[in-house]
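S.K.: Pasting a structure here, questions to come.
Bear in mind that the values in this text are calculations on the coordinates, not laboratory data. Note that this is a predicted model, so its numbers are computed, not measured. So basically every Cβ, Gly included, is an ideal-geometry build from the backbone, and we count neighbours across all protein chains shown.
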Amino acid sequence: VYCLEETLEKSLQAEGSPDLRVSILLDYTRGSRGRKNSRTMLIPLLQRFPEQVRVSLFHTPNLRGLLRLLIPERFNETIGLQHIKVYLFDDNVILSGANLSDLYFTNRQDRYVLLRDSPEIADFFTELVDAIGDVSLQLQQDDTVQMMEGMVHPYQGDKVAYCEIANQRVMEVINSARTRQELLHKKTFHSSEPGSSLLSQQGSQASGNLKPEPDTWIYPLIQMKPFGIQIDEMVTETLLTEAERDARIYLTTGYFNLTQAYMDLILGTRAEYRILLASPEVNGFFGAKGVAGAIPAAYVYIEHQFYSEVCYLQQQERVQLQEYSRAGWTFHAKG
């Protein structure tokens, strides 16, 4: 937060109108938990830079009515939450499973994928964060929240109407990105005239600027089931279904809670699987007070149930499970 404040201050002092824009998207339940929380941390930024800072708090439409009144903090997150972890800086993107709390900078193993100079990916995630932000509650300078004008409220308004509007807003981003990508693909790889591809055009002004043909494709996947968006689920099931006998698939998760559909696919396909899990001691809930302290044991139980099925089907060679263990660390990687 201090770094953001310092950078925003410099932008105000720069000549001309400040063009630095900071957009922060958080989950409402997680960002509002406790007296000192993400909201109270960010309010000073909103108060000092109201024209440059936007803080959006996504609230699941499934947490409403008596359910919202009765379920206490922390447990209400089980009903649904916004879980995107993406950090954008101009044309650079970090995709992660980590938030920005202290332990992620000290002793927690997680995933971090840095994409440098990737304007297409940066544009996509900027538009996605903006779209989700538009259907989220907007944090105000006095720590209240309100929806954008004309937007249905996520837990006070009509649930079906809200989900339909949210679906339309997010799908606009997805369809726009798909159209841009199809056009780029067509220009790059399907031009019939020599030298007329987009890559050739980009390098025509200076031969030293010619970009090589890409060797890696990145497909951002989105899963927002309350809004009827299940792209990640469909793609993952397709990948697992079509995995051949000579394929090897690596899966890692800090919490072994695969859906039944994924478990059935793993047990029913011919590919080899190497699954990396968190040992109970490196589970983030290990040693927690109350009900949360039993969570590691619950995941161990699920793991044992799954492995028993693997053994029953005599698939131990094809499906192998390993546990991550490191003294003093926790494990949160998924992928």
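S.K.: Of Val173, Val145, Leu184, which is farthest along the charge dipole of the chain in the positive direction, counting Lys and Arg as +1 and Asp and Glu as -1 at C-beta?
M.R.: Val145
S.K.: Ignoring everything except DSSP H segments at least 4 long, calculate the 222 nm mean residue ellipticity for the chain; use -39,500 (n - 2.57) per segment, divide by total residues, nearest 500. Can you show the working numbers first?
M.R.: Numbers: 10 runs with 124 residues, N = 335.
For the chain, the value works out to -11500 deg cm²/dmol.
S.K.: Let me ask you something else. Which of rounded, prolate, oblate describes the stretch 2-182, given a ≥ b ≥ c as roots of the alpha-carbon gyration tensor eigenvalues and a/c under 1.5 marking rounded, otherwise prolate only if a/b is larger than b/c?
M.R.: rounded
S.K.: With a ≥ b ≥ c taken as the square roots of the eigenvalues of the C-alpha gyration tensor of the stretch 133-189, please select rounded if a/c is under 1.5 and otherwise prolate if a/b is larger than b/c or oblate if it is not?
M.R.: Values: a/c = 5.59, a/b = 2.28, b/c = 2.45.
Taking the square roots of the gyration eigenvalues as a ≥ b ≥ c, the stretch 133-189 is oblate.
S.K.: Let me ask another. Which helices pass in the chain if a helix is a full DSSP H run, must span at least 24 angstrom along its long axis by Cα, and must have mean Kyte-Doolittle hydropathy not below 0.0?
M.R.: Within the chain the helices that satisfy the rule are 295-312.
S.K.: By DSSP, what percent of the beta bridges with both residues in the stretch 2-182 are antiparallel, rounded to the nearest 5? Don't skip to the end; give the middle numbers.
M.R.: Working: 12 of 18 bridges.
If we restrict to bridges inside the stretch 2-182, about 65 percent are antiparallel.
S.K.: Okay, moving on. Which one, Leu4, Gln156, Gly34, is farthest towards the positive end of the dipole of the chain when Lys and Arg carry +1 and Asp and Glu -1 on their Cβ?
M.R.: In the chain, that residue is Gly34.
S.K.: Full-extension gain between Asp158 and Phe286, please, as 0.36 nm times their residue separation minus the C-alpha to C-alpha distance. Before the final figure, lay out each step's value.
M.R.: Working: separation 128, 0.36 × 128 = 46.08 nm, distance 3.94 nm.
Contour length minus Cα-Cα distance gives 42.1 nm.
S.K.: What do the square roots of 5 times the Cα gyration tensor eigenvalues come to for the chain, in whole Å, largest first, as semi-axes of the equivalent ellipsoid? Walk me through the intermediate numbers first.
M.R.: Details: eigenvalues 237, 202, 88 Å².
Largest first, the chain gives 34, 32, 21 Å.
S.K.: Right, another one. Among the DSSP beta bridges whose two residues both lie in the stretch 206-285, what percent are antiparallel, rounded to the nearest 5? The partial results should precede the final answer.
M.R.: Values: 2 of 8 bridges.
Antiparallel: roughly 25 percent of the beta bridges in the stretch 206-285.
S.K.: Now for a separate question. Quick check for me: using +1 on Lys/Arg Cβ and -1 on Asp/Glu Cβ, what's the dipole size of the stretch 214-311 about its Cα centre, in debye to the nearest 20?
M.R.: On the way: 6 positive and 12 negative charges, 65 e Å.
The dipole magnitude comes to about 320 debye.
S.K.: Same structure, new question: How much of the pair distance distribution for the stretch 243-331 lies past 19 Å, counting alpha-carbon pairs only, in percent? Don't skip to the end; give the middle numbers.
M.R.: Values: 1608 of 3916 pairs.
In whole percent, the long-distance tail amounts to 41.
S.K.: Obtain the nm distance between the two label points defined at Arg326 and Lys36 by a simple spin-label model: each point lies 7 Å from its Cα along the Cα-to-C-beta direction.
M.R.: Simple spin-label model gives 2.8 nm for this pair.
S.K.: If you place +1 on the Cβ of every Lys and Arg, -1 on the Cβ of every Asp and Glu, and leave all else neutral, what size is the dipole of the chain about its Cα centre, to the nearest 20 Debye? Don't skip to the answer; put the middle values down first.
M.R.: Numbers: 32 positive and 42 negative charges, 172 e Å.
Roughly 820 debye for the chain.
S.K.: With each pseudo-label sitting 7 Å past Cα toward Cβ, what's the Ala294-Asn175 distance in nm, one decimal?
M.R.: Taking the two extended label points, one gets 4.7 nm.
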